[in-house]
1. How many residues does the stretch 289-300 contain that are out of contact with any Cys (no Cβ under 9 Å at 6 or more places or on another chain) and either surrounded by 22 or more Cβ atoms within 10 Å (Cβ to Cβ) or not acidic (D, E) (or both)?
2. Which condition number does V65 fail, the rest of (1) touching a residue at least 24 places away in the same chain (Cβ under 8 Å); (2) surrounded by fewer than 20 Cβ atoms within 10 Å (Cβ to Cβ) being met?
3. Return only the number of the condition from (1) more than 7 Å from the ligand (Cβ to nearest atom); (2) open to solvent by less than 50 Å² (accessible area, probe 1.4 Å) that L317 does not satisfy.
4. Of everything in the stretch 34-61, what is open to solvent by 10 Å² or more (accessible area, probe 1.4 Å) and away from the ligand (no atom under 16 Å from the Cβ)? Give them in sequence order.
5. Could you tell me how many of the residues in the stretch 75-84 are open to solvent by less than 70 Å² (accessible area, probe 1.4 Å), in a loop (DSSP other than H, G, I, E, B) and in contact with a Lys or Arg (Cβ under 9 Å, 6 or more places away or on another chain)?
6. Within the stretch 248-278, can you find the residues that are within 21 Å of G230 (Cβ to Cβ) and more than 8 Å from the ligand (Cβ to nearest atom)?
7. Looking at this structure, is E294 closer than 21 Å to D38 by Cβ and in a helix (DSSP H, G or I)?
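The values are calculated or read from the model by the stated rules, or taken from the named source; none is laboratory data. A quick note: this is a predicted structure, and the numbers were derived from the prediction, not measured. Counting neighbours? That spans all protein chains shown, and the Cβs are built from the backbone with ideal geometry, glycine included. Surface accessibility is based on the protein's heavy atoms, side chains included, excluding ligands, DNA and RNA. Shrake-Rupley method; radii C 1.70, N 1.55, O 1.52, S 1.80 Å.
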Amino acid sequence: MKVQLIRKTEVARDILSFELADPTGAALPAFSAGAHIDVMLADGLVRQYSLCNDPRETHRYVLGVLREPSSRGGSTAMHALREGALLDISEPRNHFPLAHDAAHSILLAGGIGVTPILCMAERLAHAGASFELHYCSREPQRAAFRERFDAPHLEPHSRLYFDTAPVHERLDLERVLAMPAADTHLYVCGPAGFIDFVLDATRRFGWRSGSVHREYFGAPAVKAAHDADGPFQVQLASSGRIVEVAATQSIAAALEQAGVAIATSCEQGVCGTCLTRVLAGEPDHRDVYLTDEERAANAQLLPCCSRSKSPLLVLDL
Ligand code: FES
């Protein structure tokens, strides 16, 4: 669908917010807290950005984008957009939804990972739900959307932390996570290091994995191909056809080369677009999309980045 960039605003150092609206002024498709859209950029780049406005709004989508010079170009292309530009985007999809039966929700954001967390906070606040929000940033100048945390409906629930502050003013994860209750849900979004730090703590304190929800922001460390990667085969269950996957190739790339295109978007194991059922064989999961339980079940994989531990994988294609 087409949208127009109606406002681009600096909301922190290196972070811009982008306000998108229907060019004719029509209402946009509804979204739920935690949802993201795909943005189609020049040269075939597709990037996912979380929506950070109040999910009750239908007149706009608001994104927050950190400029990352070391990234693969998406954030630089976004920052170069001019107000008035027309953009192709997908409808909102949600791989990071709120559990609406939670008695209490803990929202943890690291850096630009605040975008879906802020949307969740809006939703929980307007629903009158019990929640707390912890937002960690390197320094005050890098904390995006700070003024929104001062609003009367969010301020009592929110705490901001800065790496530049004295130790006793930083996030005390032990205090926040030490006593998991069965009906408390935890949501964490941010860079891989931040999420792994939080997930380690949840395991230490005995959180149920079904109560812990995470969304990685940016390229995760686990996706990298190893020098030790070898070739293997995938079989298409529908036809029995075998496709060779070279050591340097992803399953998705090998399939495309063989004329079997599968839908991909992030190509980093983050978004879930390419999720495919596995009927036989043992995947070597390299994504950050599946939960630990889903990985252990080996019933599905993300062929944009994952590989195979067995010589043959049979896919439901
Ligand atoms: Fe995003 Fe595979 S394309 S997980």
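1. Narrowing the stretch 289-300 to residues out of contact with any Cys (no Cβ under 9 Å at 6 or more places or on another chain): 290-300.
Subsequent filtering for residues that are either surrounded by 22 or more Cβ atoms within 10 Å (Cβ to Cβ) or not acidic (D, E) (or both) retains 290-291, 295-300.
Number of matching residues: 8.
2. The number of the failed condition is (2).
3. Of everything listed in (1) more than 7 Å from the ligand (Cβ to nearest atom); (2) open to solvent by less than 50 Å² (accessible area, probe 1.4 Å), L317 misses just condition (2).
4. If the condition is that a residue be open to solvent by 10 Å² or more (accessible area, probe 1.4 Å) and away from the ligand (no atom under 16 Å from the Cβ), then A42, D43, D54, P55, R56, E57, T58, H59, R60 are the ones that fit.
5. 1
6. Correct list: T248, Q249, S250, I251, A253, A254, L255, E256, Q257, A258, T276, V278.
7. Values: closer than 21 Å to D38 by Cβ: no; in a helix (DSSP H, G or I): yes.
No, not satisfied.
Residue-by-condition table, conditions (1) modelled with pLDDT of 95 or more; (2) within 24 Å of the chain's Cα centre (by Cα):
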site: S130; (1), (2): yes, yes
site: F145; (1), (2): yes, yes
site: H153; (1), (2): yes, no
site: H157; (1), (2): yes, yes
site: A165; (1), (2): no, no
